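Colleague: The structure under discussion is supplied below as structure tokens; questions concerning it will follow.
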Amino acid sequence: MSYRPRIPLATLLSDAVEGQAVTVSGWVRNKRVSKNVGFLEINDGSQLAGLQLVFPADGIGPAAAEGVDKGASVRATGTLVPSKGKGQAFELRTETIEVIGACPEDYPLQTKRHSMEFLREKAHLRPRTRTFSAVFRVRNALAMAIHEFFQARGFLWVHTPIIAASDCEGAGELFRITDLEGKDFFGAESFLTVSGQLNVETYASAYTDVYTFGPTFRAEKSNTPRHASEFWMVEPEIAFADLDDLLALAEDFVREVANSVHSRCAEDMAFFDQWVDKGVLGRVSETVNKPFARMTYTEAMKILETSGRKFEYRVGWGQDLQTEHERFLAEEYIKGPVFVTDYPKDKKAFYMRLSDDERTVAATDLLVPRLGEIIGGSQREERLDVLESELDRRGMDRAPYWWYSELRRYGTTPHAGFGLGFERMLMYLTGITNIRDVIPFPRAPGQADF
Ligand code: 4AD
Ligand code: MG
């Protein structure tokens, strides 16, 4: 026997006809009962809008709704009739209602509005609210849009390991893996991966166009609204390609996945636009569909130095681009996404390709308004001798990178790749300002319950 599910509300209501007899299931989101009529709004997560169950006096009667509490799971039967309420074509003239799971008065989502902070403590119940229901549908749609973008272009999805032997970024933000006695489990140091890049590069050296998409981990102490200890990263890697090819790919990618989410999640996006971040839909849509601005790090520093703006952190060649600088560039100077390229080599990771000036590397960050960096990437150092002298210059041990170096010995190619912070992209699209609110069960310093 094949799977015969309940019909989700979204499916049911998309081709509903007046007078149709239906059975629906869901959780009660709102309840309103008067002398003459009762209403229960139920939702099953398949779409933002719920279905209004009506309990008319000349039918089942309001008393049948009276006994059902907010938060309860129910199954109801009845007939679809045109709705008098706005925002919905049909409502259900209820004939039977069955409480599957009752919900007592201490249900935490009793009132209509809750703060995001309160709901963060209720990570098991928050997907039943409108905001979070919308967030996680958009998260699903964005993941699908990402796969479709790459699959349509023949990229191979590679499942890079979560347990890693080395620190790809060299930033020392690793979670170390031990057994319960605190001993290295694998007989040598191993870590939760900070990025799938080094492994995925090996597959680009065989399949040409590849990507990895999965969880990554950083033991960053920085407790900011944009950093999580566990987050997802999308990392394409392309062979026979340089930094310009990479910028073109990244721009197409951001544009296409944004447009795809906008069209797939129109109802949810309209909700964010109205209730979470006024105008976010139009702002993102307009700016991602224009060509992205580009500037070098050197130009970016000049702009900051002559901006007349007081920044908390120093600006000048050789300084870090801090979030406040990144936001100024994207939000106020360009007013849209901007690629910054050609960073000082000492500000970036060992694997980035050294440029002819020998001071900068062929790196790029994509900065967007309100967030700053959402993508980090580069052309990779494909010349074995240059790679090895860079490892030496940094005082890094060559040994763990023996396989990475062999890719440069055996049929090397110019190649490039980037990493998009999946949650940062979600924040950009929805206007949600804290990364903890776009992750089902967020992990951040001091937060790993549930
Ligand atoms: O810039 P990052 O560190 O780049 C890399 O890891 C490269 N290996 C990627 C590559 O070239 N394949 O990280 C990439 C992106 C950042 O731009 C940011 O959006 C996101 O990952 N990111 C985080 N997101 C949430 N929480 C954190 N702690 C993050 N750290 C980085
Ligand atoms: Mg970065």
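The values are calculated or read from the model by the stated rules, or taken from the named source; none is laboratory data. As the structure is a prediction and not an experimental result, all values here were calculated from the model. No Cβ is skipped: glycine too gets one built from the backbone with ideal geometry, and neighbour counts run over all protein chains shown. Ligands, DNA and RNA are stripped out before the accessible areas are found, and what is left, the full protein with its side chains, is counted by its heavy atoms. Shrake-Rupley method; radii C 1.70, N 1.55, O 1.52, S 1.80 Å.
Colleague: So Leu407 clears everything in (1) open to solvent by 30 Å² or more (accessible area, probe 1.4 Å); (2) within 15 Å of ligand 2 (Cβ to nearest atom); (3) in contact with a Ser or Thr (Cβ under 7 Å, 6 or more places away or on another chain); (4) not polar (S, T, N, Q) except one condition, right? Which one?
Modeller: All conditions are met except number (2).
Colleague: Could you list, in sequence order, all residues of the range 1-44 that are part of a loop (DSSP other than H, G, I, E, B) and touching a helix residue (DSSP H, G or I) at 6+ places or on another chain (Cβ under 6 Å)?
Modeller: Once the filter is applied, which keeps residues that are part of a loop (DSSP other than H, G, I, E, B) and touching a helix residue (DSSP H, G or I) at 6+ places or on another chain (Cβ under 6 Å), the range 1-44 yields only Asp44.
Colleague: Hey, does the range 55-78 have a residue that's under 17 Å from Pro8 (Cβ atoms), β-branched (Val, Ile, Thr), open to solvent by 20 Å² or more (accessible area, probe 1.4 Å) and outside any loop (DSSP other than H, G, I, E, B)?
Modeller: Checked the range 55-78: at least one residue is under 17 Å from Pro8 (Cβ atoms), β-branched (Val, Ile, Thr), open to solvent by 20 Å² or more (accessible area, probe 1.4 Å) and outside any loop (DSSP other than H, G, I, E, B).
Colleague: For the range 387-403, check the following and say yes or no: at least one residue is modelled with pLDDT of 95 or more and closer than 28 Å to Trp232 by Cβ.
Modeller: yes
Colleague: Kindly list the number of the only condition in (1) open to solvent by less than 50 Å² (accessible area, probe 1.4 Å); (2) away from ligand 1 (no atom under 14 Å from the Cβ); (3) not in a loop (DSSP other than H, G, I, E, B) that fails for Thr413.
Modeller: Thr413 satisfies all of (1) open to solvent by less than 50 Å² (accessible area, probe 1.4 Å); (2) away from ligand 1 (no atom under 14 Å from the Cβ); (3) not in a loop (DSSP other than H, G, I, E, B) except (3).
Colleague: Let me ask you something else. Can you tell me how many residues within the range 258-294 are under 23 Å from Gly87 (Cβ atoms) and of a type in the set (Val, Ile, Thr)?
Modeller: 3
Colleague: Of everything in the range 98-137, what is open to solvent by 40 Å² or more (accessible area, probe 1.4 Å) and in a strand (DSSP E or B)? Give them in sequence order.
Modeller: Residues satisfying the conditions are Glu98, Val99, Ile100.
Colleague: Can you pull out the residues in the range 138-164 that are over 30 Å from Phe186 (Cα atoms), open to solvent by 10 Å² or more (accessible area, probe 1.4 Å) and either touching a Lys or Arg at 6+ places or on another chain (Cβ under 7 Å) or not in a helix (DSSP H, G or I) (or both)?
Modeller: Result: Arg153, Gly154, Phe155.
Colleague: State yes or no: is Val234 aliphatic (A, V, I, L, M), within 16 Å of ligand 2 (Cβ to nearest atom) and in contact with a helix residue (DSSP H, G or I) (Cβ under 9 Å, 6 or more places away or on another chain)?
Modeller: Taking the combined requirement at face value, the residue satisfies it.
Colleague: Would you point out the residue of the range 29-65, among those that are among the basic types (Lys, Arg) and touching an Asp or Glu at 6+ places or on another chain (Cβ under 8 Å), that is farthest from Pro108 (Cα to Cα)?
Modeller: Result: Lys31.
Colleague: If you don't mind, another one. For the range 165-216, name all the residues that are in contact (Cβ under 8 Å) with a residue 24 or more places away in the chain, away from ligand 2 (no atom under 16 Å from the Cβ) and either of a type in the set (Gly, Ala, Ser) or open to solvent by 60 Å² or more (accessible area, probe 1.4 Å) (or both).
Modeller: Ala165, Ser166, Phe175, Glu189, Ser190, Tyr203, Ala204, Ser205, Tyr207, Gly214
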